[in-house]
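These notes are about the structure you will find just below.
Read the figures in this text as sums done on the coordinates, not as results from a lab. This is a predicted model, so every value here is computed, not measured. Note: ideal-geometry Cβ built from the backbone for every residue, glycine included; neighbour counts use all protein chains shown.
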Amino acid sequence: MLALESLGEIAVGNKRAIAALINFIANSQNEIRNRMQAAESLGKIDPGNESAITALINLIGRSEYEFIHSMAAESLREIAVGNETAIDALVNLIATSEYEDTYWAAAESLGKIDPGNERAIEALVNLIVNSQDESTRRQAAASLGEIAVGNETAINALVNLIANSQDESTRRQAAESLGKIAVGKETAINALVNLIANSQDESTRRQAAESLGKIAVGNETAINALVNLIANSQDESTRRQAAESLGKIAVGNETAINALVKLNRYLTA
C-alpha cells in the first residue's frame with residue numbers, strides 16, 4: 001500500500017511505473033483498497049490515464065460497499081477531468097445510491113471534472129430537489145457554483161433552494177454559488193435582495209451582499225438593498241461588506257455615494 005502511494009508522489013511520467021500500476025490494477029488479487037490506491041497513484045503520475053479511470057469505474061460497478069463507491073468517486077475527481085465515461089458513472093451513482101455520503105462525494109466530484117456538462121448539472125439539480133439531507137444539498141449547490149455558469153436550470157434551482165430551505169448554511173451556500181454563475185440574472189439578483197431583507201442571520205446577509213457585488217452591476221434594486229443594509233444593520237462587518245459591494249456595482253450612483261459618505265463619517269467619528 002505504501003509503495004503504491006509513494007509511486008504516485010515520485011514517478012510522474014515514468015513509463016515503468018505507469019506500466020507496473022496498470023498491471024497491478026488489471027491482475028492483482030489484492031484487496032480493493034490497494035487496487036484503488038494503484039488507480040489513484042496512476043492518475044497522479046499520468047493524469048487522464050484511461051486504465052486508471054476505467055479501474056475506478058469498474059470498482060464502482062462491481063463493489064457492493066458504499067465506502068468503496070465514495071472513495072472511487074473521490075479518486076475520479078483527481079484524475080478524470082472532462083472524461084465523459086467518468087461523468088456518466090458519477091451521474092449514475094447519484095441516481096442509484098441510497099447513501100448520503102456517496103451522494104456527497106459524487107456531487108463534489110462532478111463539480112470538479114467537467115464545467116458546463118448538462119448531465120452533471122441535471123444530476124446536481126435533482127440532488128438538491130430530492131435529497132432530504134442539508135449537507136448533501138449544500139454540496140450539490142457548491143458544485144453547481146463550479147460548473148454551471150449562466151445555466152438557467154441551475155440558477156433556478158439555487159433560487160428555489162434559498163426560498164425553501166430552512167437551513168441558513170444551505171441558503172448561504174446557494175447565495176455564494178449564485179454569485180459565481182448568475183451575472184446579470186434578474187431572478188438571482190431578486191433572490192439575493194429578498195434574502196438580505198428576510199434573513200435574520202448576519203452571515204447570510206453578508207454573503208448575499210457579497211454575491212450582489214459580483215453579479216448586479218448597475219442594478220438599482222440591488223443598489224437600494226445594499227444602501228438599506230448599510231442603514232439598518234447593526235453589524236459592522238455586514239455594513240462593510242455592503243459598502244464593498246456598492247463600490248463594485250454602483251459607480252456614479254448618487255444614492256450609493258451618499259450612503260458611503262454617511263457610513264465613512266460614522267466609522268471615523
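A few points about this structure:
- Here the relative contact order of the chain, from alpha carbon pairs under 8 Å that lie six or more residues apart, stands at 10 percent.
- Which of D201, D101 has the fewest Cβ neighbours within 10 Å, and the rest in rising order: D201, D101
- Of the DSSP H helices in the chain, those whose Cα atoms cover at least 15 Å axially and whose Kyte score averages 0.5 or more: 15-27, 50-62, 84-96, 118-130, 152-164, 186-198, 220-232
- Using the average count of surrounding beta-carbon atoms within 10 Å as a protection proxy, the listed peptides 249-256, 86-93, 110-117, 214-221 rank, highest first, as 86-93, 110-117, 214-221, 249-256.
- This ranking places Y99, Y65 by how few other beta-carbon atoms lie within 10 Å of each, fewest first, which gives Y65, Y99.
- Region 96-176 pair-distance distribution - Cα-Cα, 5 Å bins, rounded %: 3, 18, 33, 26, 16, 4, 0
- Of the GluC sites (Glu not before Pro) found in region 59-110, those in coil by DSSP whose Cβ has at most 11 other Cβ atoms within 10 Å are E64, E98.
- One decimal place: the segment D88-E186 gains 32.0 nm when fully extended, by the rule 0.36 nm per residue minus the C-alpha distance.
- Zero-based 10 Å bins, Cα pair distances in the chain, whole percents: 7, 27, 24, 18, 14, 8, 2, 0
- Pairs from K44/K180; K44/K112; K112/K214; K180/K248 whose Cα-Cα separation, in the structure shown, is over 19 Å: K44/K180; K112/K214
- Full extension of the segment from A197 to V261, taken as 0.36 nm per residue of separation minus the current Cα-Cα distance, would add 20.8 nm.
- Neighbours of Q166, meaning other residues whose beta-carbon lies under 14 angstrom from its beta-carbon, give a summed charge of -1 when Lys and Arg score +1 and Asp and Glu score -1.
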